[in-house]
Every structure is written in C-alpha cells, then in structure tokens.
Ligand code: TA6
C-alpha cells in the first residue's frame, strides 16, 4: 500500500519532522532541529542525509544518483536484502536485492524530549517482514529487524547490509581502523581470502573487501574528524571505494566522485548469512557518531 503525501502529512506529526516531495517526485522525510539534520526517502527506506549540528554532512551522495521507482539511490545508506551483490542463481535479479527498490511504509514518527526524532518504516519481501527504525540525533542509530512469517514453509536464509557511504575529505588521506586483526575476501583480487593485515586500511586503488568475523567498531579517521561505527549482531564489514575506472563505468556515479567517499558497511553476508525459522526475527543495529 503506497501512502499518499497528504495522508502522511495528516497522519504523522512530530516536532522537527516534515514531509517534502524530494528528487524525482519521491516522498522524503526531513528532520531539522538543534541537534541535527537528516533525510530518509520512503523509496528503499533510504537515508540520504545525516548532519549533526556544527558538522559537515556525514553521508556522501552522488550528484548523478537516480531517484526513480525501481532504481537504487546512489549514496547515503542503501539497505541490501535479501542478498548482497549479484544473485548467483539469477543474473537478472537486482544487485543487492529488493529492499532498496521497495516503496516502504512509514508506521511511526516520534520526537523524544531530547529532540531526537525516530521513524519506523516497514516492508514485506517474499516471506519476510522488515522493520527499520532510524533515530536522528547526535548519533544516527539504525536498527533493521527481519522477521520470517509464521506461514513460511520452513527455514529461510538471507544476507543483509547497511551499505553506508561516508563523505570524506580525500580518500588518499583517510584510514579505517578496527579491521587490522581480521581476514577478508579481496574482491579486487579474484575474491581470494587474505590474512589479517595487522595495519590500518589506507587507499591507493580500488578497494572491495568483505571482512569476516568482524564484530567490533570501525573508526574512519579523516583529517579533521573521526566517525565511529558501532554495531551489534553483524559479523561482517564491507569496505569499498570504486576508484577511477569503476567510477567511470557507473552512470550514477560521477567520474571524480571516488575521491570523496568510502563505504564501510555493516553486514551479515556469505558465511555470516542469517537463517530464520518461521516466526523468528533478527535485529541488526549500527550507530554512527562523529568524534
Ligand atoms: O559493497 C561493495 C559492492 O558490493 C561493490 O562490489 C559494488 O558493486 C558496490 O557494492 C555497489 O553496488 P551497486 O549495486 O550499488 O552498484
């Protein structure tokens, strides 16, 4: 059921929250208060903006992003579900699954006494129900709960990721801390499994790594700030920068935009995919904070 703009305006009122017709005519929820600014589209339940007061934007958005039904938004926080990357069994299936292509339903909007604004969006995909809670405050708190319908015939596996694009001053000058001690799949080197590097991640070329058994915080160290990503119930972390050639090949990605973004993604993929029995649920959380 698609909620009309007018029905949203009449049904949901919370201080610091308003609805706008966003790019491509898609409906977006806009948050603006003393603590922060933020935006989330109903399309894909896609967070496209988060900016704590006094800080530059935390999330990166491509100037070339599409804002069209059936197409993913480039940047912000795409939700990857029920698979990550291409679907091996169906080359025609959309990369990263359907969650970021669905029109989600807003079910709650609430402003806390502290001024933080929390919205809940929901959608159904196959035999799963997804509930996504986003709290815009000094930190950005994300919580994705996946439930398997009672009526499901048996256990069903899925992959998931909050595919967060962070804005950085210059990819050549940043590092990512917290993954020195875990091995990874290097998708730029034939998906070879590599030993833990023991070093901070620095960027000198295309990087596309799936860090396995990674349960701890990551910290993105930029020249004038650090961004900490805390997480729970996520055992994989994906780090991606497309660099020059891949950026040029993507129509919805500016040729020079790779210098100012990096993805650090909170995920459960591959050996860390999740299997639910009918009636079971799983909640993945991530908290993004500027230090
Ligand atoms: O998370 C990294 C990745 O899997 C890369 O391999 C690259 O494909 C990226 O996702 C973007 O995927 P998209 O389907 O959004 O173009």
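Ellipsoid semi-axes for the stretch 61-117, based on the Cα gyration tensor and the rule √(5λ), read 28, 15, 11 Å when sorted largest first. Using the Cα atoms of the stretch 148-291 to build a convex hull, what is its mean projected area in square nanometres? Value for the stretch 148-291: 9.7 nm².
By the count of other C-beta atoms within 10 Å, a proxy for reagent exposure, 61, 261 are ordered fewest to most as 61, 261. With the helix formula -39500 (n - 2.57) applied to DSSP H stretches of n ≥ 4, the chain reaches a computed 222 nm mean residue ellipticity of -1000 deg cm²/dmol. Spatial offset of the stretch 1-63 relative to the stretch 159-197 amounts to 29 Å, using the alpha carbon center of each. Taking every C-alpha pair closer than 8 Å and separated by at least 6 residues, the mean separation divided by the residue count of the stretch 200-291 gives a relative contact order of 33 percent. With contacts taken as Cα pairs under 8 Å and at least 6 residues apart, the stretch 1-138 reaches a relative contact order of 21 percent.
With contacts taken as Cα pairs under 8 Å at a separation of at least 6 residues, the chain carries a relative contact order of 17 percent. Descending by average beta-carbon neighbour count within 10 Å, the peptides 134-146, 271-283, 90-102 line up as 134-146, 90-102, 271-283, the highest first.
Expressed per residue, the C-alpha convex hull volume of the stretch 15-136 stands at 104 Å³. The distance separating the Cα centre of the stretch 84-133 from that of the stretch 205-220 comes to 23 Å. Just so you know, the averaged projected area of the alpha carbon convex hull for the chain sits at 15.0 nm².
Where a number appears in this text, it was derived from the coordinates with a stated rule and is not lab data. This one's a predicted model, so the numbers in the text were calculated from it and none came from an experiment. FYI the Cβ positions are ideal-geometry reconstructions off the backbone, even for glycines, and counts take in every protein chain you see.
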